[in-house]
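Enquirer: Please see the structure below; I have some questions.
The values are calculated or read from the model by the stated rules, or taken from the named source; none is laboratory data. Remember, it's a predicted structure, so these values are computed and weren't measured experimentally. FYI the Cβ positions are ideal-geometry reconstructions off the backbone, even for glycines, and counts take in every protein chain you see.
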Amino acid sequence: MTKHQKRLSVPNSWPVERKEQVWTVKAGAGPHGEQGVPLLILLRDVLGYVNTKKEARYALNEGTVLVNGDNVSDERRPIGMFDILAFTARDEYYRVFPDEGGRLALTAVDEDAASSRLGKIVGKRQVSGGAFQLSLHDGTNVHLEDASEYDTGDSVVVDNDSKDIVAHFPYEEGALVTAVAGGHAGEIGTISDITVTLGSGDNTVAVEQEDGEGFETVADYVVVIDENFTGGEPEVTTTGGDDE
């Protein structure tokens with residue numbers, strides 16, 4: 001199986017220039033599914049910390065690049081929405097956040113904010129032994145003895161060290177959300193109305209924005225956040241680069 005990916009066919013969320021070169025690196029197995037961006041692309045094309053795949057492997061072997069608190073050694077490791085990147089030798093920390101248009105961008109955060117990450121609950125079930133399992137948008141699972149206060153569509157903040165839930169944001173009218181897909185990707189506002197559609201149709205939400213504008217989108221396209229996830233300046237510049 002090839003380890004390369006044609007730039008023209010990458011997901012819209014990938015922060016790459018599609019017409020500069022034919023090929024880019026292909027994401028490896030891991031979280032976020034096919035939407036996950038290979039770590040190499042962020043290191044090279046977005047941040048410009050390395051120029052080649054060889055340099056990226058050397059940097060990762062130093063053990064100073066963390067994703068959600070864990071050391072990463074594979075430059076193809078998929079990175080996706082709300083992941084936390086820490087460069088301990090540089091004392092730099094970034095949250096992956098959807099930019100306008102749905103392209104993933106890196107937003108600088110401080111060390112304290114980088115100690116946990118946001119996850120959208122996409123599944124909830126009881127497992128053997130009576131405990132409950134919450135499945136998050138990135139494919140990770142959180143196990144709880146009592147999950148009665150959590151529902152699909154809610155967001156939780158998970159501590160990167162303990163893996164415990166440290167905050168909970170319910171999916172409800174009045175909740176602050178960001179759209180992560182669709183024509184309003186990257187926009188932020190407050191849910192004013194939730195419409196449940198009977199049958200196979202998509203549920204929808206109406207979102208009000210501070211400027212008096214608003215939009216309506218598919219419910220699955222929004223993620224509940226709080227004001228701590230809206231600050232910082234996104235780092236979105238791409239620099240190209242080869243794949244060697």
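Enquirer: When you go through ILE84, ILE121 one by one, which is the residue that is crowded, with 17+ Cβ neighbours inside 10 Å and not assigned by TED's automatic domain parsing to the domain that holds ASP161?
Expert: Step by step, each of ILE84, ILE121 is checked, and only ILE84 is crowded, with 17+ Cβ neighbours inside 10 Å and not assigned by TED's automatic domain parsing to the domain that holds ASP161.
Enquirer: Pull up region 23-40, narrow it to residues that are closer than 12 Å to ASP74 by Cα and at pLDDT 75 or above, then point me to the one that is surrounded by the fewest Cβ atoms within 10 Å (Cβ to Cβ).
Expert: LEU39
Enquirer: Let me ask another. When the residues of region 166-199 are filtered to those that are surrounded by fewer than 13 Cβ atoms within 10 Å (Cβ to Cβ) and among the β-branched types (Val, Ile, Thr), which remaining residue is modelled with the lowest pLDDT?
Expert: Result: THR197.
Enquirer: For region 196-209, how many residues meet the condition of being among the hydroxyl-bearing types (Ser, Thr, Tyr) and without any contact (Cβ under 8 Å) to a residue 12 or more places away in the chain?
Expert: Number of matching residues: 2.
Enquirer: Another one. Of (1) surrounded by 19 or more Cβ atoms within 10 Å (Cβ to Cβ); (2) in contact (Cβ under 8 Å) with a residue 60 or more places away in the chain; (3) more than 25 Å from ASP70 (Cα to Cα), GLU100 satisfies all except one. Which?
Expert: That leaves (1) as the condition not met.
Enquirer: Are there any pairs, at least 6 apart or on different chains, whose C-beta atoms fall under 9 Å, with the first in region 55-70 and within 11 Å of LEU85 (Cβ to Cβ) and the second assigned to a strand (DSSP E or B) and among the basic types (Lys, Arg), and if so, which?
Expert: ASN68/ARG117; GLY69/ARG117
Enquirer: Going through region 66-79 one residue at a time, which ones are in contact with a helix residue (DSSP H, G or I) (Cβ under 6 Å, 6 or more places away or on another chain) and buried (at least 21 other Cβ atoms within 10 Å of the Cβ)?
Expert: Passing the criteria: GLU75, ARG77, ILE79.
Enquirer: Which count do you get for residues in region 125-184 that are hydroxyl-bearing (Ser, Thr, Tyr), in contact with a Leu (Cβ under 7 Å, 6 or more places away or on another chain) and within 20 Å of SER115 (Cβ to Cβ)?
Expert: Result for region 125-184: 1.
Enquirer: Exactly one condition in (1) in contact with a strand residue (DSSP E or B) (Cβ under 7 Å, 6 or more places away or on another chain); (2) touching a residue at least 40 places away in the same chain (Cβ under 8 Å); (3) farther than 23 Å from ALA181 by Cα; (4) not hydroxyl-bearing (Ser, Thr, Tyr) is not met by ARG125; state its number.
Expert: Single failed check for ARG125: (2).
Enquirer: When you check LEU106 against the structure, is it hydrophobic (A, V, I, L, M, F, W, C) and modelled with pLDDT of 95 or more, yes or no?
Expert: It is false that LEU106 is hydrophobic (A, V, I, L, M, F, W, C) and modelled with pLDDT of 95 or more.
Enquirer: Of everything in region 134-151 that's surrounded by 15 or more Cβ atoms within 10 Å (Cβ to Cβ) and without any contact (Cβ under 8 Å) to a residue 60 or more places away in the chain, which residue is nearest to LYS163 (Cα to Cα)?
Expert: VAL142
Enquirer: Which numbered condition in (1) within 27 Å of ALA179 (Cβ to Cβ); (2) hydroxyl-bearing (Ser, Thr, Tyr); (3) outside any strand (DSSP E or B) is the only one that TYR58 fails?
Expert: Only one criterion in (1) within 27 Å of ALA179 (Cβ to Cβ); (2) hydroxyl-bearing (Ser, Thr, Tyr); (3) outside any strand (DSSP E or B) is unmet by TYR58, namely (1).
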